[in-house]
Amino acid sequence: MATQGAIVVDKERCKGCGVCVVNCPTEAIALSHEVNGKGYNFLSLVNPEKCIGCANCATVCPDSVITVYRVKI
Amino acid sequence: MDINEIIKPENKVYGKTPILKDNILHYCPGCSHGVVHKIIAEVIEEMGIQDKTIGISPVGCSVFAYNYLDIDWQQAAHGRAPALATATKRLMPDKYVFTYQGDGDLASIGTAEVMHACNRGENIVIIFINNAIYGMTGGQMAPTTLLGQVTATTPYGRKAELNGYPLKITELIAQLEGTCYVTRQSVQNPAAVRKTKKAIRKAFENSMMKKGTSFVEVVSTCNSGWKVPPVQANKWMEENMFPFYPLGDMKDR
């Protein structure tokens, strides 16, 4: 069954480690070119249409900055 | 579908557990400590034991674990977390007591405490974070450092004739009669995180069944100590740590 997902990133807590990016199966996320208050390139959802809401990124996130939403379509 | 239609409370599938406080973790970007903290918090939330859990934090990077998990904590002298956990569990047998220790704490200065606590079969959970280096103090050689691994105190790589051999503490623990569950896990990808979570949950459940000590080793990264970026650190761990520290259950009874 097809699912569509979306993530919300707490960008001030994100440290831009990039562990989530390599674990995303659909290349929906990437580190942003902008930086947060601490100077880290925070995570952003660059291809929202590709996100399936699998929660892989949030599972491996060391700082628990990602909240995942998913709907069936 | 528009992203704002998806982001609604009823569609939420994963988020930060309320057991984790809002403090920003002081760990370096990509540090495995954060993932293990999160897993423990999720296990405590799922089991509904927030008011019945006492953690013992060690000396090392994770000394501030008490700032992040909203449970009761004690802080032990260097390496002495199993001794403090023994006392806590014996005085309050209805509480879930766990220690959270790194390799510098557990495998070096605290070897005697952990060996004897496991040998006595105390009904506690020991969570052992093995990143093969002293992270907090600047990346010196730990007992678990691999042969040939470059650290601040072994700039030409660890040599057996000079520094001895890496210590497989989990294998030693598995031989002790007092332990009921001894396992080695990791947290570099989602599958590994789920397995580790299952192992930690099982360890917590064992501690209430009076079966003995449960020991969960988590092979981890220290990208600052190893001097590699987080993603490459995970890769380095898979290529170099896993052959020497093979994952899996060593004992389960």
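The values are calculated or read from the model by the stated rules, or taken from the named source; none is laboratory data. The shown structure was predicted, so the numbers you read here are calculated from the model rather than taken from an experiment. Neighbour counts run over all protein chains shown; Cβ positions are idealised from the backbone, glycine included. Protein only, heavy atoms only, side chains kept; ligands, DNA and RNA dropped before computing areas. Shrake-Rupley method; radii C 1.70, N 1.55, O 1.52, S 1.80 Å.
Quick notes on this one:
- B:Val13 satisfies every condition listed in (1) part of a strand (DSSP E or B); (2) within 30 Å of B:Tyr134 (Cα to Cα); (3) within 12 Å of chain A (Cβ to nearest Cβ) except (2).
- Test: B:Ser207 is open to solvent by less than 10 Å² (accessible area, probe 1.4 Å) and not in a loop (DSSP other than H, G, I, E, B): yes
- Qualifying residue in region B:34-43 (condition: within 30 Å of A:Pro48 (Cα to Cα), surrounded by 22 or more Cβ atoms within 10 Å (Cβ to Cβ), at the interface with another protein chain (Cβ under 7 Å from one of its Cβ atoms) and free of Cβ contacts under 8 Å to residues at least 40 places away in the same chain): yes
- Strands (runs of 3 or more DSSP E) contained in region A:27-73 and holding at least 2 residues more than 12 Å from A:Val9 (Cα to Cα) and open to solvent by 20 Å² or more (accessible area, probe 1.4 Å): A:66-72
- Of all the listed residues (B:Lys251, B:Lys202), the sole one being of a type outside the set (A, V, I, L, M), part of a helix (DSSP H, G or I), more than 14 Å from chain A (Cβ to nearest Cβ) and open to solvent by 20 Å² or more (accessible area, probe 1.4 Å) is B:Lys202.
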